[in-house]
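*Asks:* Right, I'll just put the structure down here and ask away after.
Quick note: the coordinates plus some simple rules give every number you see, no bench work behind them. Here the structure is a predicted model, which means the values were calculated and not measured. Note: ideal-geometry Cβ built from the backbone for every residue, glycine included; neighbour counts use all protein chains shown.
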2 protein chains.
Amino acid sequence: MAVTMKEVAERAGVSVATVSRVLNGTTYVAPEAAERINNAIKELGYSPNFLGRGLRKSETKILLAIIPTAGHSFYNDVLMGMQDAAASHGYDLLIGVSGDSTAAERRLLSMLENKIVDAAVLLGTKMTPAELNTYAANFNLALACERIPGADVLTVTVDDEEAAYAAVSLIIKKGHRKIGLVTAAGTAVSAVDRKNGYEKALSDAEITYREEYVFMGSYAYESGTAAYRYFARLIDPPTAIFCISDLLAAAILKSYTIDNARGGQYFKVMGFDDIQLSGMITPGITTVSQPSYDIGHTVIEKLISRRSENSVNTKHIKLPFRIIERESL
Amino acid sequence: MAVTMKEVAERAGVSVATVSRVLNGTTYVAPEAAERINNAIKELGYSPNFLGRGLRKSETKILLAIIPTAGHSFYNDVLMGMQDAAASHGYDLLIGVSGDSTAAERRLLSMLENKIVDAAVLLGTKMTPAELNTYAANFNLALACERIPGADVLTVTVDDEEAAYAAVSLIIKKGHRKIGLVTAAGTAVSAVDRKNGYEKALSDAEITYREEYVFMGSYAYESGTAAYRYFARLIDPPTAIFCISDLLAAAILKSYTIDNARGGQYFKVMGFDDIQLSGMITPGITTVSQPSYDIGHTVIEKLISRRSENSVNTKHIKLPFRIIERESL
DNA sequence: AAATTACTTGCAAACGTTTTCGTTTTGTGC
DNA sequence: GCACAAAACGAAAACGTTTGCAAGTAATTT
């Protein structure tokens with residue numbers, strides 16, 4: 001069906017080996033022959049079969065990014081960074097959506113075993129460190145955005161603890177002493193790190209930690225709605241709330257405007273991530289901006305350089321964050 | 001390096017052919033032999049090489065979705081529909097991001113020629129109908145979300161004109177007679193279709209079309225900001241505005257709140273797409289909801305059935321929309 | 001003029017599968 | 001016992017590449 005190297009070779013009056021050579025530019029091939037071959041390629045509309053090539057070279061020049069969900073502007077920025085870095089090294093980037101299911105993650109990671117992709121990056125995962133380690137031992141794997149303690153895998157993240165510390169310190173600097181926290185229960189380590197940063201900032205400012213000021217939910221919007229309800233009913237509610245994601249902050253603001261007519265409780269809020277939404281709503285959300293593009297760019301850069309040099313560079317890379325001040329704080 | 005079928009065969013004391021047979025369950029193989037083989041597979045941790053298999057069978061069971069940008073919740077829903085439909089037929093779905101560049105689109109589509117994917121779906125494209133037709137003639141290609149006039153390609157969309165007609169009719173029913181439109185200049189056909197629906201609704205309600213009520217921009221947020229400025233300065237401004245995307249509607253609402261202190265002009269707005277954002281902001285955006293999940297599901301379903309039956313089913317499939325009423329209108 | 005070197009090519013093996021074809025073994029009915 | 005079908009399996013070709021090896025030709029050196 002499709003036109004193959006053999007046909008190109010016949011038309012150009014050479015052997016397939018020579019065709020392959022002009023395609024890869026490996027060794028000498030006579031200029032006239034090269035021209036005949038290039039013409040044949042054009043005329044026949046030849047395009048190399050990656051399966052044949054991949055099988056022989058055992059590499060496909062395709063990278064796989066595994067994201068929990070598409071449609072999150074934060075991931076998009078990371079992916080753009082990954083894409084650009086990949087392209088600059090002649091790699092293509094494809095994306096798989098795991099939907100937060102480890103089964104789907106494993107299914108996607110099997111593309112490493114199946115040799116269909118050369119390397120993979122997980123942007124958040126629910127897998128255990130042990131499982132990650134066995135994958136990483138056998139294949140080219142990296143983590144981005146989310147570190148997993150105990151996983152001996154190349155990881156690129158922001159320093160979540162330090163960022164949260166800076167965020168809460170800013171809240172304190174604005175004069176607040178009663179500061180709530182909306183965080184995620186469960187395994188996400190970024191949530192734990194950010195909570196540590198929160199506690200450290202309080203303690204450094206000699207504010208005592210109050211259990212009832214911490215709401216454990218998830219990263220999702222709905223969790224923010226629940227958090228608002230919880231904090232608004234407190235006898236001595238906080239005056240400002242630090243949310244570990246902008247979505248949570250947005251939900252709290254929205255809940256307030258709904259509740260407002262009935263004399264709702266207003267909170268100053270600060271978010272995390274600096275997603276597009278944060279600048280679009282009113283008030284704009286003061287937040288911590290992750291260097292999302294750079295995270296993506298760096299992880300691919302390191303992954304590729306490690307592949308070629310086979311060097312063991314730093315395992316965990318932390319990139320600087322930035323605080324974006326808007327009106328919500 | 002990696003364990004191959006040959007090693008499995010040796011350990012089980014059979015030939016590679018037999019191993020292949022239990023893997024694919026094609027023909028008879030003795031129960032005891034099958035068990036020995038399955039054990040060997042487990043013990044060695046064998047996993048088939050997709051390149052070898054794909055090369056031989058000339059299919060990889062991988063589908064490719066090409067999206068203009070990740071980070072748009074609308075696409076995420078479509079992708080989930082695609083994913084589920086693909087999985088139910090034993091296919092995997094991978095995603096490529098084109099960033100609205102035809103070069104990137106072509107590069108991704110080359111994976112069809114390279115035989116690395118069995119079929120591809122474009123969720124919006126900037127390519128010409130002619131180019132699309134040549135691709136579609138040679139490969140398994142489909143369009144979703146955005147139709148291209150003149151492209152003889154399997155397409156699944158919402159009926160944009162009818163949807164816009166319904167939207168504007170609703171605005172009229174709410175008592176408005178001066179209705180603005182924010183649409184996208186350029187090639188996007190969905191924008192043209194929606195504009196036609198707008199005009200038709202006006203004319204059916206015997207409202208005369210006014211050139212100055214139409215703002216030509218793009219689908220992006222910033223275009224909405226510009227639209228607000230334009231409409232607010234009109235001597236006889238509209239009272240309601242129909243936007244061809246929710247992002248535009250959100251921008252107009254945000255512009256108003258910023259402008260409000262200086263006595264800005266308030267507009268009722270209606271959007272299109274029903275993205276997540278639309279329920280999160282205040283006021284919630286009244287909008288047209290596309291059956292995004294179904295669009296994705298349908299396009300894959302049709303694509304796969306066409307592949308196997310080789311039947312020529314309907315080329316352009318239109319799915320029903322729904323109007324979501326919130327507070328912005 | 002011989003010997004070296006530099007180019008230029010083709011042959012054939014290899015990559016890891018699937019599948020056709022044919023052969024051997026087993027079972028069944030007479 | 002014999003014929004014949006069914007079951008079970010191996011040998012080898014095929015898919016489309018890349019690449020080591022060897023060999024051929026042309027250009028340069030001695």
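*Asks:* Can you sort A:169, A:101 by how many other beta carbons sit within 10 Å, fewest first?
*Replies:* The fewest-first ordering by Cβ neighbours comes to A:101, A:169.
*Asks:* Please compute, over every Cα-Cα pair in segment A:5-48, the percentage with a separation greater than 15 angstrom. Spell out each step's value before the answer.
*Replies:* Working: 243 of 946 pairs.
More than 15 Å apart: 26 percent of the Cα pairs in segment A:5-48.
*Asks:* Under the Kirkwood approximation for Rh and a Cα-based Rg, what ratio Rg/Rh is obtained for segment B:78-182? All intermediate terms of the calculation are to be shown ahead of the outcome.
*Replies:* Numbers: Rg = 17.5 Å, Rh = 15.9 Å.
Over the Cα atoms of segment B:78-182, Rg/Rh equals 1.10.
*Asks:* Just to confirm a number: summing +1 for Lys and Arg and -1 for Asp and Glu over residues other than residue A:239 whose beta-carbon lies under 11 angstrom from that of residue A:239, what do you get?
*Replies:* Net charge in that neighbourhood comes out at +3.
*Asks:* If you filter segment A:8-112 for chymotrypsin sites (Phe, Trp or Tyr not before Pro), then keep DSSP loop positions with at most 11 other Cβ within 10 Å, what is left?
*Replies:* Working: sites: A:28, A:46, A:50, A:74, A:75, A:91; in loops: A:28, A:46, A:91.
Hits after loop and neighbour filter: A:28.
*Asks:* For peptide B:57-68, compute the average count of partner chain beta-carbon atoms within 10 Å of each residue's beta-carbon. The partial results should precede the final answer.
*Replies:* Working: counts 1, 4, 1, 4, 0, 3, 0, 1, 4, 0, 4, 0.
Neighbouring Cβ atoms belonging to other protein chains average 2 per residue here.
*Asks:* Please give me the summed charge of the neighbours of residue A:199: other residues whose Cβ is under 14 Å from its Cβ, Lys and Arg +1, Asp and Glu -1.
*Replies:* Local charge sum for residue A:199: -3.
*Asks:* Related question: What is chain B's relative contact order, in percent, from Cα pairs under 8 angstrom and six or more apart in sequence?
*Replies:* 17 percent
*Asks:* Further, regarding this structure: Counting alpha carbon pairs within less than 8 Å and at least 6 residues apart, what relative contact order, in whole percent, applies to segment A:37-112?
*Replies:* 31 percent
*Asks:* Let me ask something else. For segment B:160-289, build the charge dipole from Cβ charges (+1 Lys, Arg; -1 Asp, Glu) around the Cα centre, then report which of B:257, B:240, B:187 sits farthest towards its positive end.
*Replies:* B:257
*Asks:* Can I ask one more? Given only helices, namely DSSP H runs of n ≥ 4 each adding -39500 (n - 2.57), what is the per-residue ellipticity at 222 nm of chain A, to the nearest 500 deg cm²/dmol?
*Replies:* The helix contribution divided over chain A gives -14500 deg cm²/dmol.
*Asks:* Give me the dipole magnitude in Debye, nearest 20, for the protein assembly as shown about the Cα centre, with unit charges on the beta carbon: positive for Lys and Arg, negative for Asp and Glu. Please report the intermediate quantities before stating the final value.
*Replies:* Numbers: 68 positive and 74 negative charges, 65 e Å.
In debye, rounded to 20, the protein assembly as shown gives about 320.
*Asks:* Points 7 angstrom from Cα along the Cβ direction at residue B:208 and residue B:152: gap in nanometres?
*Replies:* Result for the modelled spin labels: 4.5 nm.
*Asks:* When a/c reaches 1.5 or more, the comparison of a/b and b/c decides; with that in mind, is segment B:160-289 rounded, prolate or oblate per its Cα gyration tensor?
*Replies:* Here segment B:160-289 falls in the rounded category.
*Asks:* Within 10 Å of each candidate Cβ there may be at most 16 other Cβ atoms; applying that plus a DSSP loop requirement, which GluC sites (Glu not before Pro) in segment A:24-129 survive?
*Replies:* Here the sparse-neighbourhood loop sites are A:59.
*Asks:* Using the crude model of +1 on Lys and Arg Cβ and -1 on Asp and Glu Cβ, and no other charge, please compute the dipole size for segment A:160-289 relative to its Cα centre, in debye to 20. All intermediate terms of the calculation are to be shown ahead of the outcome.
*Replies:* Details: 13 positive and 15 negative charges, 109 e Å.
Dipole about the Cα centre, nearest 20: 520 debye.
*Asks:* Here is a further query. From Cα pairs below 8 angstrom and at least 6 apart in sequence, can you work out the relative contact order of segment A:5-48, rounded to a whole percent?
*Replies:* Across segment A:5-48, relative contact order equals 42 percent.
*Asks:* Taking the Cα centre of chain A as origin, sum charge times position over the Cβ atoms of Lys and Arg (+1) and Asp and Glu (-1), and report the length of that vector in debye to the nearest 20.
*Replies:* Details: 34 positive and 37 negative charges, 56 e Å.
Around 260 debye, computed over chain A.
*Asks:* Expressed as a fraction of 2.2 N^0.38 Å, the rule-of-thumb size for a compact globular protein of N residues, what is the C-alpha radius of gyration of the protein assembly as shown?
*Replies:* Normalised Cα radius of gyration, the protein assembly as shown: 1.07.
*Asks:* Among the lysines, which fall within straight-line cross-link reach of residue B:61, defined as a Cα-Cα distance under 21 Å, with same-chain neighbours fewer than 8 residues apart omitted?
*Replies:* Result set, ordered by chain and number: A:61, A:115, B:115, B:302.
*Asks:* Among B:67, B:129, B:151, which residue has its Cα positioned farthest towards the positive end of the charge dipole of segment B:39-177, with +1 placed on the Cβ of Lys and Arg, -1 on the Cβ of Asp and Glu, and the dipole taken about the Cα centre?
*Replies:* B:67
*Asks:* Another one. Among A:24, A:48, A:170, pick out the residue whose Cα is farthest towards the positive end of the charge dipole of chain A, where Lys and Arg carry +1 and Asp and Glu carry -1 on C-beta, about the Cα centre.
*Replies:* Projecting each Cα onto the dipole axis, the largest value belongs to A:48.
*Asks:* As an exercise, use a Förster radius of 45 Å and the Cβ-Cβ distance of residue B:47 and residue A:88 to find the FRET efficiency, rounded to the nearest 0.05.
*Replies:* 0.90
*Asks:* Further, regarding this structure: Taking neighbour counts of Cβ atoms within 10 Å as a proxy for exposure, in what order, fewest first, do A:102, A:286, B:187 appear? If you can, show how the numbers build up before the last one.
*Replies:* Working: A:102 14, A:286 24, B:187 11.
By the 10 Å Cβ count, ascending, the order reads B:187, A:102, A:286.
*Asks:* What are the nm distances, shortest first, from residue B:186 to its equivalents in the other copies, labels at 7 Å along Cα→Cβ?
*Replies:* Values, ascending and in nm: 3.7.
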